[in-house]
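To keep things clear, I will list the structure first and then write my remarks on it.
The values are calculated or read from the model by the stated rules, or taken from the named source; none is laboratory data. Note that this is a predicted model, so its numbers are computed, not measured. Neighbour counts run over all protein chains shown; Cβ positions are idealised from the backbone, glycine included. For the accessible areas, the whole protein counts, side chains as well, though only heavy atoms, and no ligand, DNA or RNA atoms are used. Shrake-Rupley method; radii C 1.70, N 1.55, O 1.52, S 1.80 Å.
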Amino acid sequence: MAAAKKAVLGPLVGAVDQGTSSTRFLVFNSKTAELLSHHQVEIKQEFPREGWVEQDPKEILHSVYECIEKTCEKLGQLNIDISNIKAIGVSNQRETTVVWDKLTGEPLYNAVVWLDLRTQSTVESLSKRIPGNNNFVKSKTGLPLSTYFSAVKLRWLLDNVRKVQKAVEEDRALFGTVDSWLIWSLTGGASGGVHCTDVTNASRTMLFNIHSLEWDKELCEFFEIPMKILPNVRSSSEIYGLMKISHSLKAGALEGVPISGCLGDQSAALVGQMCFQDGQAKNTYGTGCFLLCNTGRKCVFSEHGLLTTVAYKLGRDKPVYYALEGSVAIAGAVIRWLRDNLGIIKTSEEIEKLAKEVGTSYGCYFVPAFSGLYAPYWEPSARGIICGLTQFTNKCHIAFAALEAVCFQTREILDAMNRDCGIPLSHLQVDGGMTNNKILMQLQADILYIPVVKPSMPETTALGAAMAAGAAEGVGVWSLEPEDLSAVTMERFEPQINAEESEIRYSTWKKAVMKSMGWVTTQSSESVSDFAFLGGCLHDLNQPKAVLINIFHYFLDCFQALSECML
């Protein structure tokens, strides 16, 4: 019997979407933006000490290989010829820091994840060296000095990991955010891999001048980072190199396909939501929550706790566009915490069912400041609290309060954005995995008191990476001209409560936020510098054994400090 004829489709574009919680590979039709197939693999997070968050770079890379292979198999089952894949884009979790050996291709330490807090004492000592009247770090980078960004994570690795120090001394070390690690590995690794990043990821390192679009010598000297280990900075849409697939994979047909798009995940979502006009904004609900507003070709510096960042540069000869960004550390991560640490749900999807049962938090408020508070507070001393508990409170109310927490944090960001931009948003465009939760989306509309608009295809982060890849010079299968962009069908959620009730709930939330602050004071030991006040902290992202070890270290340091005082 003759083999079934392969379906004929327009050129296809693949996208690697490597997030904090999972990796995916998705394939789109470049003419219609239709998602044809995808595969997803969850990524483990490791919490070796309190406040530390790490991932295995090799696990991240293998998850990419697995997703590519499985997606190609699924396309084959759909009679879609994978030789039609003409380009691949990469979207990634930002700020997460990897250092590897360019001769062996081996990581020299685990990836230090953007959520990680171990560098708080490093941040404090660096802050003392910045003149009060000349914050050159913020004026050059658009970023506050914070544990969030890559430079301080890299500084910690250089200070504390001998393998990293030795590799730098011997000129074997390469640094990159996850995009750089993946592109280097996928284009050959130790056998000629391309060491590069794009402007959006570079702008999150605190080493990149967002005005000149170059690594900044003064910043590198301030953080004492050797410039030789940094990747080459490219635009978000150009051919970086060609795929060299591991021979062990069945996806060998992607050998030689150009990798031609690269965007940090939030910039990718901005492109995927087609927010190309000044003043257009989107909010992505992932592990964290990120609201970006396109400010066009000008840098707008926030007076209300937001970041100034590079939105995209879609071609070597194309202009750079900037954005204001509000960053929330914990959004989807709070659902994962309820699942993995408290065990009140078995799957992330269950939270919608629990919240629906009660329809209210019954006065319970949850501030998930597991990694301190990001925008608009930038308060590293904050830790998670659940307050307003009564004997009547049950797991359904806590589930509802967790969803409300995501919405309240977004409201704080939106208020800051409106004040900075001067023109309030009339609606909010949303995307990301959490937007499948209809209770969350309705809550968000109620708490913002404006409509929330969700595309019917929520994979806008991957779509943005695919658009950048397909539009690159030398590929040219995806037009970014406004008249050629596919119309997107939207689902709309209108506010269903009155404005007064919305304001009362929001003001009570703000009271809870104030109570979450000031839990942490810097300890003498780096290993517990972010250890929260033992009696009230909900920052326990570790398993019980690890928590006990941290408590032991904490008391040991206290006794040592007391002994030194008595001598």
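What to note about this one:
- Rounded Å value of the spacing that divides the Cα centres of region 329-368 and region 393-425: 15 Å
- Using R0 = 30 Å, the C-beta based FRET efficiency linking SER83 and GLU59 works out to 0.55.
- Relative contact order for region 379-511: 25 percent, from Cα pairs under 8 Å spaced at least 6 residues apart, divided by residue count.
- For peptides 12-18, 135-141, 376-382, 83-89, sequence by mean Cβ density within 10 Å, most packed first: 12-18, 83-89, 376-382, 135-141
- Rounded FRET efficiency, nearest 0.05, which uses the C-beta distance separating ILE43 from GLN165 and R0 of 41 Å: 0.90
- Cα point-scatterer Debye curve for region 150-207, base-10 log of I(q)/I(0) at q = 0.28 Å⁻¹: -1.13
- Solvent-accessible area of ARG339, all protein chains in place: 50 Å² (probe radius 1.4 Å, heavy atoms, ligands and nucleic acids excluded).
- Inter-site label distance for SER479 and LYS438 at 7 Å from Cα along Cβ, in nm: 3.7 nm
- Overall dimensions of region 132-229, expressed as equivalent-ellipsoid semi-axes from the Cα gyration tensor (√(5λ), whole Å, largest first), are 24, 17, 11.
- Listed peptides 220-227, 57-64 appear in the order 57-64, 220-227 once ranked by packing, highest mean of other Cβ atoms within 10 Å at the front.
- Close amide H pairs (under 5 Å, H built 1.01 Å from N) link ILE330 with CYS289, residues at least 5 positions away or on another chain.
- Between SER125 and GLU303, the distance separating the two model label sites (each 7 Å from Cα on the Cα→Cβ line) works out to 3.6 nm.
- Taken over the alpha carbons of region 340-485 as equal point scatterers, the Debye sum produces base-10 log I(q)/I(0) values at 0.18, 0.21 Å⁻¹ of -1.17, -1.36.
- Peptides ranked, highest mean first, by Cβ atoms within 10 Å: ranges 185-195, 507-517, 233-243: 233-243, 185-195, 507-517
- Sorting GLU503, GLU95 on solvent-accessible area from highest to lowest, probe radius 1.4 Å, gives GLU503, GLU95.
- Rounded to whole numbers, the Karplus 3J(HN,Hα) couplings from phi for region 66-72 are 4, 5, 4, 4, 5, 5, 4 Hz, using 6.51 cos²θ - 1.76 cosθ + 1.60 with θ = phi - 60°, and x at Gly and Pro.
- For region 178-186, the Karplus equation 6.51 cos²θ - 1.76 cosθ + 1.60, evaluated at θ = phi - 60°, returns couplings of 4, 4, 5, 4, 5, 5, 4, 5, 6 Hz by residue, with Gly and Pro reported as x.
- Using a simple spin-label model with pseudo-atoms 7 Å out from Cα toward Cβ, ASN135 and LYS318 lie 3.1 nm apart.
- Shown for the chain: the carbon plus sulfur share of the solvent-accessible area, taken with all protein chains present and a 1.4 angstrom probe, equals 53%.
- Checked against a 31 Å cut-off, the cross-linked pairs LYS86/LYS438; LYS140/LYS318; LYS31/LYS74; LYS298/LYS511; LYS70/LYS346 give Cα-Cα distances beyond that limit for LYS86/LYS438; LYS298/LYS511.
- Simple rule: put +1 on each Lys or Arg Cβ and -1 on each Asp or Glu Cβ in the chain, find the dipole, and look at ALA281, THR461, GLY188; the Cα lying farthest toward the positive end is GLY188.
- Amide H partners (placed H, <5 Å) of GLY384, local residues excluded: ALA369, PHE370, LEU538, HIS539
- A Cβ-based charge dipole, computed about the Cα centre of the chain with Lys and Arg at +1 and Asp and Glu at -1, lands at about 300 debye.
- Links that overshoot a 29 Å alpha carbon limit, given the list LYS153/LYS313; LYS217/LYS510; LYS44/LYS217; LYS58/LYS395; LYS454/LYS510; LYS58/LYS515: LYS217/LYS510; LYS44/LYS217; LYS58/LYS395; LYS58/LYS515
- Altogether, the Stokes-Einstein calculation at 25 °C and 0.890 mPa s, with the Kirkwood radius of the chain over Cα pairs as Rh, returns a diffusion coefficient of 102 µm²/s.
- Each Cα pair under 8 Å and six or more residues apart adds its separation to the average, and for the chain the resulting relative contact order is 15 percent.
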